[in-house]
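> Mind having a look at this structure? Questions to follow.
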Amino acid sequence: MYIGHPPSLELLGPRKACARLVDGRLDVAPAMRKRLTYGKYGLGQMMVLGDGGGWHYVKRNGETLPVVTFDNGADYFAEGLTRGIVKSGIAYFDPDFHQVAGPYADGSPFRNGRAAVCQGCSKSGDTSRDGRWGFIDRTGKVVLPIAMTRPQASEKPWPDETPQCGDFLGRYGMKPEHLEFVECHEGKDAQLRALVARYRTRGLYAAGVESQLMRDTGMEAQRYLCCGWQVVPAKGEAIGDGRLPIEVDSAVTMTSGETVVHSRNAWTEIPWFYVDVTVDLESP
């Protein structure tokens, strides 16, 4: 099964040369990759039966990552990380399939910068038994020792869900290389109280920063309007801003500020591009 065009679950019957296992990894044939819808992070999804089976994320180049089945599909990217299947259990991977933390016998999705993980757990159906539990942050650092029983771990409070001013993109593992955090302050978003974090990057790196924010947050590309580069909604859409993977309303946008440079090929001539991340503290 796979997510096809338009995005929907499609069943593919037995077929030769669809995919193969290479050194234990699934290699998807080019013709099959063309059938996939590549969504957020530029990844397709396939579910395979038999050896090496289960849900996989698939890159356009054919690279794959086997992941935990969650909500009848591939495990979500929670705060930029998904739970991949490894020999000893699970590990946490970013959208480039780089292993960030693990391996562990089992683990939860990330929430508010923390995940519960288990070592020595044994599986009974979808439930992990025995073993010892603890908590890690998004870098894999242990923040609460992996020494608790499951009931003890379940009693531990999760971090405060009230947004705290700071480096939001870094907090959720979404800050591109060469993007510098400048400051965060409380301001206004359409007359509502909001936290606004500002970042900057040199024109030399602006295209790479823009590309990653488009992939990771859903932000639309910048276009030159009047006096500078700014994010513009896609045709038929009202908003072009990206979003953070949090419950409260947020916006991620990018601009060059005022400039006479109106060609992308000349972005290196623009001293700085700025990224603003807005997180609302109030609802309309």
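The values are calculated or read from the model by the stated rules, or taken from the named source; none is laboratory data. Since we're looking at a predicted model, the values are computed, not measured. For neighbour counting, all protein chains shown are included, and Cβ atoms are generated from backbone atoms with ideal geometry for every residue, glycine included. Surface accessibility is based on the protein's heavy atoms, side chains included, excluding ligands, DNA and RNA. Shrake-Rupley method; radii C 1.70, N 1.55, O 1.52, S 1.80 Å.
> Surrounded by 17 or more Cβ atoms within 10 Å (Cβ to Cβ), part of a helix (DSSP H, G or I) and either touching a helix residue (DSSP H, G or I) at 6+ places or on another chain (Cβ under 9 Å) or without any contact (Cβ under 8 Å) to a residue 40 or more places away in the chain (or both): is that true of Leu204 in this structure?
So Leu204 does not fit the description; no.
> I need the full set of residues from region 22-58 which are under 22 Å from Ile90 (Cα atoms), open to solvent by less than 50 Å² (accessible area, probe 1.4 Å) and not in a strand (DSSP E or B), in order please.
Tyr41, Leu43, Gly52, Gly53
> Restricting region 168-184 to residues that are touching a strand residue (DSSP E or B) at 6+ places or on another chain (Cβ under 8 Å) and at pLDDT below 95, which is farthest from Leu244 (Cα to Cα)?
Pro176
> Among the residues of region 127-147, are any assigned to a strand (DSSP E or B) and in contact with a Leu (Cβ under 6 Å, 6 or more places away or on another chain)?
For region 127-147, residues assigned to a strand (DSSP E or B) and in contact with a Leu (Cβ under 6 Å, 6 or more places away or on another chain): present.
> Hey, among the residues in region 169-193 that are aliphatic (A, V, I, L, M) and within 25 Å of Asp94 (Cα to Cα), which one's most open to solvent (accessible area, probe 1.4 Å)?
Val182
> List, please: which pairs have Cβ atoms under 6 Å, are six or more places apart or on different chains, and start with a residue in region 187-198 that is closer than 10 Å to Leu281 by Cα and end with one that is polar (S, T, N, Q)?
Hits for this filter: Asp189/Thr278; Ala194/Thr278.
> Out of region 72-92, which residues are within 18 Å of Met47 (Cα to Cα) and not in a loop (DSSP other than H, G, I, E, B)?
Gly73, Ala74, Thr82, Arg83, Gly84, Ile85, Val86, Ile90
> Does region 253-284 hold any residues that are free of Cβ contacts under 8 Å to residues at least 60 places away in the same chain and under 20 Å from Gly187 (Cβ atoms), and which are they?
Residues satisfying the conditions are Thr253, Met254, Thr255, Gly257.
> Identify all residues within region 133-145 that are in contact (Cβ under 8 Å) with a residue 24 or more places away in the chain, of a type outside the set (S, T, N, Q) and out of contact with any helix residue (DSSP H, G or I) (no Cβ under 9 Å at 6 or more places or on another chain); write none if there are none.
Ile136, Asp137, Gly140, Val143
> Among (1) among the charged types (D, E, K, R); (2) modelled with pLDDT under 90; (3) open to solvent by less than 50 Å² (accessible area, probe 1.4 Å), there is one condition Asp71 misses while meeting the rest; what is its number?
Just one mismatch for Asp71, condition (3).
> Can you say whether Pro163 is more than 20 Å from the chain's Cα centre (by Cα) and part of a loop (DSSP other than H, G, I, E, B), as far as the supplied structure shows?
When the stated conditions are applied, Pro163 does not pass them.
> In region 146-167, what residues are β-branched (Val, Ile, Thr) and out of contact with any strand residue (DSSP E or B) (no Cβ under 9 Å at 6 or more places or on another chain)?
Of everything in region 146-167, just one residue is β-branched (Val, Ile, Thr) and out of contact with any strand residue (DSSP E or B) (no Cβ under 9 Å at 6 or more places or on another chain), namely Thr162.
> Could you list, in sequence order, all residues of region 49-108 that are over 22 Å from Gly173 (Cα atoms) and among the aromatic types (Phe, Trp, Tyr)?
Hit for region 49-108 is Trp55, nothing else.
> Sticking with this structure for a sec: Report, by residue number, each residue of region 235-284 that is in a helix (DSSP H, G or I) and open to solvent by 60 Å² or more (accessible area, probe 1.4 Å).
Arg264, Asn265, Thr268, Glu269, listed by residue number.
> Any idea how many residues of region 213-225 are open to solvent by 50 Å² or more (accessible area, probe 1.4 Å) and closer than 18 Å to Pro95 by Cα?
Within region 213-225, residues that are open to solvent by 50 Å² or more (accessible area, probe 1.4 Å) and closer than 18 Å to Pro95 by Cα number 2.
> A further question follows. Which one of Val196, Val209, Val143, Val232 is touching a strand residue (DSSP E or B) at 6+ places or on another chain (Cβ under 9 Å), surrounded by 12 or more Cβ atoms within 10 Å (Cβ to Cβ) and farther than 18 Å from Phe273 by Cβ?
Answer to the selection: Val143.
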